[in-house]
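The values are calculated or read from the model by the stated rules, or taken from the named source; none is laboratory data. Bear in mind that the values here come from a model prediction, so they are computed numbers and not experimental data. In case anyone asks, the SASA skips ligands and DNA or RNA and just uses the protein heavy atoms, side chains included. Shrake-Rupley method; radii C 1.70, N 1.55, O 1.52, S 1.80 Å.
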Amino acid sequence: MTNVRRVAIVDPNDATRSSLKHLLLGIDSLWLEADCARYEYFVDVISQSKPDIAIVVLDTDPIQGLAVILQINQQLPGCAVLAVSGSQEGTLILQAIRNGAREFLNLPLRLEDLFAALERIKSGGGGGYVGEAKARTGRVITVAGVAGGMGCTALAVNLACMLARNPSNNVVLLDLDLALGDADVWLDLMPNYTIEDVVQNLNRLDFTLLKRSLTQHKCGAYLLPRPVNMTDKAVVTPDDLKRVLMLMRSAFSHLILDVSKCFGPLEIAALEAADTVLLLSQLDLSGLRNVVRITQYLDQHHDGVTAKIRVILNRMGAEDSQISLSKAKETIGREIFCQLPNDFAAMVESRNNGIPLQDSAPKARITKAIAAIADVFDEAGSNDKTRVKAPKRGLFSFLSSS
């Protein structure tokens with residue numbers, strides 16, 4: 001339970017206390033240590049149970065609730081206090097913060113608000129919440145292409161499956177090509193729910209409902225597929241995506257986003273949310289030109305995204321190229337993260353049969369290359385987003401770099 005935060009609740013109102021308990025019990029990263037129906041007993045309860053977080057609901061008796069916050073702050077400074085109330089009165093909020101509450105949240109409590117508050121508490125440092133263990137926050141890897149047919153879905157699907165081989169990982173693949181995505185075909189799955197269903201139920205979404213909406217492949221990875229029907233309506237907005245990712249970050253170690261090639265608002269949101277962007281191209285003039293165009297556009301309009309980009313050259317060796325790797329690096333102005341070999345037969349067999357490469361062609365060069373990418377992100381860990389280790393040259397240099 002090293003990644004689990006222990007929580008205690010006080011709320012004399014049975015209905016709201018029960019609702020909060022139900023919400024917290026569905027969150028894997030939180031453990032409900034104790035719940036209390038009386039303000040006057042709560043300090044004794046948490047003195048014995050020593051939770052990381054104390055949630056104090058103020059609505060039944062704000063004066064008593066505020067006094068409890070002050071007492072916790074004075075006697076148990078290692079416990080972070082979250083004040084919760086249906087009131088948005090400024091004086092109540094101000095007094096709760098003055099008494100030592102780290103955050104003030106409104107009822108009804110939304111998951112994304114709770115997670116945002118927990119992240120702010122963690123960032124602020126101090127207290128048992130930070131000192132005893134670090135909360136897990138999933139790494140988001142967005143896979144994008146400089147044009148259609150670059151092999152993005154093949155990489156996203158197989159990367160998810162290979163990361164899921166590690167039993168310590170909990171991996172989900174989101175198919176964000178809402179019109180023509182086919183990640184379900186690659187995995188031979190027939191999901192009952194799609195990302196559209198999840199978005200339509202965002203206001204009542206908890207972890208139980210979220211996990212029921214996902215389809216798990218036998219390799220262990222989960223899939224949230226694109227909508228069943230094509231439509232000209234925006235069934236998923238950037239704000240919807242941000243809310244879904246906020247929930248999933250606390251439940252999954254790795255989130256793989258497979259986006260379309262239009263670089264519209266949803267795709268940009270997926271790039272901005274990513275910790276790493278894998279940008280696929282081929283070693284040809286058109287692909288390299290689009291790498292430059294895309295990075296220039298992102299530099300001008302979306303600050304910070306290009307620093308996350310790792311360029312991958314796919315289908316290396318498919319045919320002789322007049323462009324050398326050194327010339328490619330000079331053209332795009334950045335290093336090549338890795339090269340994936342052309343292995344048409346293995347890839348077509350994998351897709352047509354709906355069997356991941358690790359099962360259909362475990363010894364193929366393309367399988368070993370994607371497995372090496374998975375090892376890079378597995379070694380980096382879901383909590384360390386400051387850097388991504390460079391791939392080992394021997395695993396990726398299928399062709400000469402000259």
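For the reader, a short list of remarks on this structure follows.
- Taking N as its residue count, the alpha carbon Rg of the range 142-199 over 2.2 N^0.38 Å: 1.18
- Computed extension length for T237-Q71: 55.4 nm, one decimal, from 0.36 nm per residue of separation with the Cα-Cα distance subtracted.
- For the range 163-173, Karplus couplings with θ = phi - 60° (6.51, -1.76, 1.60), whole Hz, Gly/Pro x: 5, 6, 4, 7, x, 6, 8, 10, 10, 10, 10
- For the range 249-335, the Kirkwood estimate of hydrodynamic radius, built from reciprocal distances between every pair of different alpha carbons, is 14.2 Å.
- Space enclosed by the convex hull of the alpha-carbon atoms of the range 195-311, per residue, Å³: 141
- Helix axis angle, 365-380 relative to the chain longest principal axis, alpha carbon, degrees: 30
- Within the chain, antiparallel bridges make up roughly 5 percent of the DSSP beta bridges whose residues both belong there.
- Taking V81, V171, V235 as the candidate residues, the one with maximal mean-square fluctuation in a Gaussian network model of the chain, Cα springs under 10 Å, is V235.
- Gaussian network model of the chain, springs between alpha carbon atoms under 10 Å - residue of M230, M347, M316 with greatest fluctuation: M230
- Taking amide H positions as modeled 1.01 Å from N, with prolines and chain starts lacking one, the residues under 5 Å from N314 and 5 or more places away or on another chain are S281, Q282, L283, L340.
- Values of log10 I(q)/I(0), in the order q = 0.06 Å⁻¹, for the chain under a Debye, Cα-only, solvent-free model: -0.29
- Across the protein chains, with a 1.4 Å probe defining accessible surface, the residues S360, S18 rank S18, S360 from largest area downward.
- Taking amide H positions as modeled 1.01 Å from N, with prolines and chain starts lacking one, the residues under 5 Å from I55 and 5 or more places away or on another chain are A8, I9, V10, L82.
- For the chain, built as a Gaussian network whose Cα springs stay under 10 Å, the top-fluctuating residue of D303, D343, D52: D303
- HN-Hα J in Hz across the range 42-56 - Karplus 6.51, -1.76, 1.60, θ = phi - 60°, x for Gly and Pro: 5, 4, 5, 4, 7, 5, 8, 8, 6, x, 7, 9, 10, 9, 10
- Partner aspartates and glutamates for K218 [C-alpha distance under 15 Å; skip if fewer than 8 residues away on the same chain]: D184, D188, D359
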